[in-house]
Amino acid sequence: MPRTAPHALRRRLLLGMAGGPTLLLAPRAGLAQPRPGRLLVLVELKGANDGLNTVVPYADAHYYALRPRIAIRPEDVLALSPTTGLHPALAPLLPVWRAGELAIVEGVGYPQPNLSHFRSIEIWDTASSAQEVLQEGWLTRAFVARPVPDGYLADGVAVGGTDLGPLAGAPRGVALADPEQFLRQARLIDGERGTPARNAALRHILQVEANIAGAAARLNAHHVFRTAFPAGPFGAQVRTAAQVAANPAGVAAIRLSLGGFDTHQNQPGIHANLLRQLGEGLAALKGALEEIGRWDDALIMTYAEFGRRPRENQSMGTDHGTAAPHFVMGGRVRGGLAGAPPRLDRLDTGGNLSHAVDFRALYATVLERWWQVPSAPVLGGRFAPLDLLRG
Amino acid sequence: MRRLVAALLAGALIGAGAGAAAAAGIGVDDARFLLARTGFAPTEAEVARLAPLARGEAVDALLAAVRTAAASVAPAWVDEPFERPPGAQSSEDARRAYQQREIRRGLELRSWWMREMLETPSPLTERMTLFWHNHFVSAQQKVRSAQLMYRQNLLLRQHALGNFGELLHAAAKDPAMLVYLDAATSRRAAPNENFAREVMELFTLGEGRYAERDIREAARAFTGWSVDPETGRYRWRPLAHDDGVKTVLGRTGAFDGDAVLDILLAEPATARFIVTKLWREFVAPDTSHPADAAEIERIAALFRGARYDLRTALRAILTSPRFYAPEHRGALVKSPVDLVVGLVRQLGVRYTDPLPFAMFAAGLGQNLFAPPNVRGWPGGEAWINSSTLLARRQLAERLLRADDPRGLMAGVPAAMTEAMLRPDAAPADAGGANRMRPEARAPFARAALEVHLDVDAFVTASGGPAGASLARILLAVPPVTPPPAGSTPRQQLRALLHDPAYQVK
């Protein structure tokens, strides 16, 4: 990996933005701008979800030819159109689809795709091109361009997962598993240490302490929901997200993470189970957000490092691929199919799909249409937003 | 036990350092630094033994003490006949019974390794075994056999400071690895690329030093490697092997898997990749300083010249002047295992079953035998986020409260402890037990009652109540917030364990 490029690129990017890097250091009070409490919930499908068995091209003979053993049969598909249907385990999303509040963007990827999990999720998390290496998450850059209001309990909260992902480097990014436990333990934290830290590791720890103290002072974890949250770790993440969203002190973004999608082997049962958790979890999240009157303020979007190879492998699984469909839902979402269906008759030399929509166009949609933040400086270039939102 | 361990270490050191102790030694602070970086937070006895030695002698003493086998008694089941994990065709009952047994075995396996880390006379052996566990990653969730994970651990420790080339060949054919990266089911008709990709990206060359075509071709070469379902041992299946001509990294031939590994070992990038990773593990996370980059380049050449002898590489790293550079002090974040094992060893915590310590490390993000993915634990600053930092503080707090007859269960309501101890216990109503697997609750509670810390004994043994010396013993760099003047040794200890500086080494 080029090690000199990242810093130069990062500098260029930050300097190119209005206000420049000083925003990171400037006192927040004067800069915070009023903004409707619009929330973004990102759901990472960790390991790379198999798009073709999620949003199934069930009228395409190529699909069944490429996947003689693991294809979803036409009679099992939940039809959305004469050519496209959902995996049956995603039935909990059908009511959202029928309400016109679920958009499915097909063919999301980027040019010259990298098939390493780690490099590719880094590309997605930092909104870089395949050739550049950036340090900060794309949400972090968005919050530098438009600081999150001071009164918020945090810039963003990462629930589950081992990293902050798109929130990496965020001035006030917080990882939080269970809000009640977080509040209990935060009593041990001294958020007011004066001494400047001597090295990067200590600086990081002091920043985390300050974030904890800030979030703990504003977090309330006592909302009682009527919505039933699914059992299991992803259901627990959804419950935490709902608790955070119920706070009067806002948060700009929440990241959830459902792992296990790297289905090289014995895919059908494993994948069905994951999609069931995803569908039930997202349906519960919708219920909880409606209950607290925040469904219209919320935009939920899935993402992953890439999709999977159209041709099944010998182990009843699929190898790393490229483009994949993603879900966008919320009270203001314009439902329906967007992007372009997979062209299984036109695979590249590696047997992979070409992308139809650059993932940064999805991010541009969030930045410009959801948050009214200019997207080009954050994304390092111009990506046309998609028409996924109502007024 | 601790005394015995110390005596063994003393023997090894005296042997290596005889006759030179009179020369200028590295001193107490550098000895503590070297021990913390190559092992876990050291006891004062360990420090005293290393301090009189010169830098090279001290490193030689550590290397001379390295072992190739574990001393702790392995769980009884490791020698039982191998049982293949049940597949989709097995009954629901059979699968559930197998899974529950594997959960129990997984707990015993973690306890076994944790004991080895706590009691070994060679912490460096454990650090290197853990380093390779995080390099040649396999995880129990996918391998589904505690026996295979145990055997892999034996393999990694056998080669821990041996020869990297031999380790690569052995780890590639290790059954846990074959299952984890799907090589065991890869067939000539449709090769599975998972292992071929990771062996280049993560085990040898590093990302970006190969093309997608190299991966596809190498995947063909690795076909035929498999696991015998009866024994759980490596088995060659000639009929599954693609014996055609492949082109990998510009070389063409009818390669098999071993031939591809040799091609990877012939690339200079491999030595550089491994030495860089060792540098990040032992010296500093950022390798961009020109003096560090030059050392890495020099040591990589040395490593290659020594045909991948790992002792040569590690000795060069640990005797490099850059290892002791002032800016690197306190630059590494302690991993959860580092933190937990260090606390127990340094404070002299007593225990019978070390299972709680393995579970604490898991709670902090480092579950032994279960790294999150094939890249392993990302480490460094990523260890510390708001939720893990809080859990680290909570752990120190709990250990300080173990200065109580009820050990780590001090402060836990008796009814809840009782509920945890009953094997058929219903989920307890509060606290950490809710997030614990039901199978783990009783063994955890039993072991936790036997974990004791004698704070006064520790303070006395570390040279009395002088705050400055306590800080020097516990921290690699001065505290961010020094304990207030006039605080008792117990208060000082608590303040220092909660100081951000305690999280780095």
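The values are calculated or read from the model by the stated rules, or taken from the named source; none is laboratory data. Computed from a predicted structure; not experimentally measured. Every residue, glycine among them, receives a Cβ derived from its backbone with ideal geometry; neighbour counts consider all protein chains shown.
A few remarks follow.
- Residue selection: A:Gly293 fails the criterion of being in contact (Cβ under 8 Å) with a residue 60 or more places away in the chain and on the phi > 0 side of the Ramachandran plot.
- Of everything in the stretch A:201-214 that is at the interface with another protein chain (Cβ under 7 Å from one of its Cβ atoms) and hydrophobic (A, V, I, L, M, F, W, C), the residue that is farthest from the chain's Cα centre (by Cα) is A:Leu202.
- Residue that is surrounded by the fewest Cβ atoms within 10 Å (Cβ to Cβ) [pool: residues in the stretch A:225-263 that are among the basic types (Lys, Arg) and under 20 Å from the mean Cα position of the chain (by Cα)]: A:Arg239
- Looking across the stretch B:170-196, the residues that are at the interface with chain A (Cβ under 7 Å from one of its Cβ atoms) and in a helix (DSSP H, G or I) come down to B:Thr185, B:Asn194.
- Those helices (runs of 4 or more DSSP H) of the stretch B:236-332 in which 1 or more residues are basic (Lys, Arg) and over 30 Å from B:Thr185 (Cβ atoms) occupy B:268-282, B:290-305, B:310-319.
- Just one of the listed residues (A:Ala175, A:Ala186, A:Ala103, A:Ala158) is touching a helix residue (DSSP H, G or I) at 6+ places or on another chain (Cβ under 6 Å) and over 19 Å from B:Trp377 (Cα atoms), namely A:Ala186.
- Counted residues, the stretch B:103-149 - those being of a type in the set (Lys, Arg) and farther than 25 Å from B:Leu178 by Cβ: 2
- Qualifying residues in the stretch A:36-65 (those that are of a type in the set (Gly, Ala, Ser) and at pLDDT below 95) - the one surrounded by the most Cβ atoms within 10 Å (Cβ to Cβ): A:Gly47
- Any hit, the stretch A:276-283, residues being over 17 Å from A:Pro92 (Cβ atoms) and outside any loop (DSSP other than H, G, I, E, B): no
- Filter pass, B:Asp214 being in a loop (DSSP other than H, G, I, E, B), more than 11 Å from chain A (Cβ to nearest Cβ) and either of a type outside the set (Val, Ile, Thr) or touching a residue at least 60 places away in the same chain (Cβ under 8 Å) (or both): no
- Qualifying residue in the stretch B:129-151 (condition: without any contact (Cβ under 8 Å) to a residue 60 or more places away in the chain, within 21 Å of B:Arg375 (Cβ to Cβ) and aliphatic (A, V, I, L, M)): yes
- Members of the stretch B:197-209 that are buried (at least 23 other Cβ atoms within 10 Å of the Cβ) and either in contact with a strand residue (DSSP E or B) (Cβ under 8 Å, 6 or more places away or on another chain) or not in a helix (DSSP H, G or I) (or both): B:Arg197
- Taking the criterion of being over 17 Å from B:Gln346 (Cβ atoms) and surrounded by fewer than 21 Cβ atoms within 10 Å (Cβ to Cβ), the residues of the stretch B:31-56 that qualify are B:Pro52, B:Ala54, B:Arg55, B:Gly56.
- Selection count where residues are buried (at least 24 other Cβ atoms within 10 Å of the Cβ), more than 14 Å from every other protein chain (Cβ to nearest Cβ) and in contact with a strand residue (DSSP E or B) (Cβ under 7 Å, 6 or more places away or on another chain), scope the stretch A:141-164: 2
- Any hit, the stretch B:112-122, residues being outside any helix (DSSP H, G or I), modelled with pLDDT under 90 and among the hydroxyl-bearing types (Ser, Thr, Tyr): no
- Selection status of B:Pro336, free of Cβ contacts under 8 Å to residues at least 60 places away in the same chain and in contact with a Gly (Cβ under 7 Å, 6 or more places away or on another chain): yes
- Total residues in the stretch B:297-313, condition surrounded by fewer than 20 Cβ atoms within 10 Å (Cβ to Cβ) and either closer than 18 Å to B:Ala331 by Cβ or among the aromatic types (Phe, Trp, Tyr) (or both): 0
- Residues of the stretch A:289-303 classified as part of a helix (DSSP H, G or I) and buried (at least 24 other Cβ atoms within 10 Å of the Cβ), total: 1
- Selection within the stretch B:139-169 - among the aliphatic types (A, V, I, L, M) and either assigned to a helix (DSSP H, G or I) or out of contact with any helix residue (DSSP H, G or I) (no Cβ under 6 Å at 6 or more places or on another chain) (or both): B:Ala139, B:Val143, B:Ala146, B:Leu148, B:Met149, B:Leu154, B:Leu155, B:Leu156, B:Leu167, B:Leu168
- From the options A:Asn273, A:Asn266, residue that is surrounded by fewer than 24 Cβ atoms within 10 Å (Cβ to Cβ), within 13 Å of chain B (Cβ to nearest Cβ) and modelled with pLDDT of 95 or more: A:Asn273
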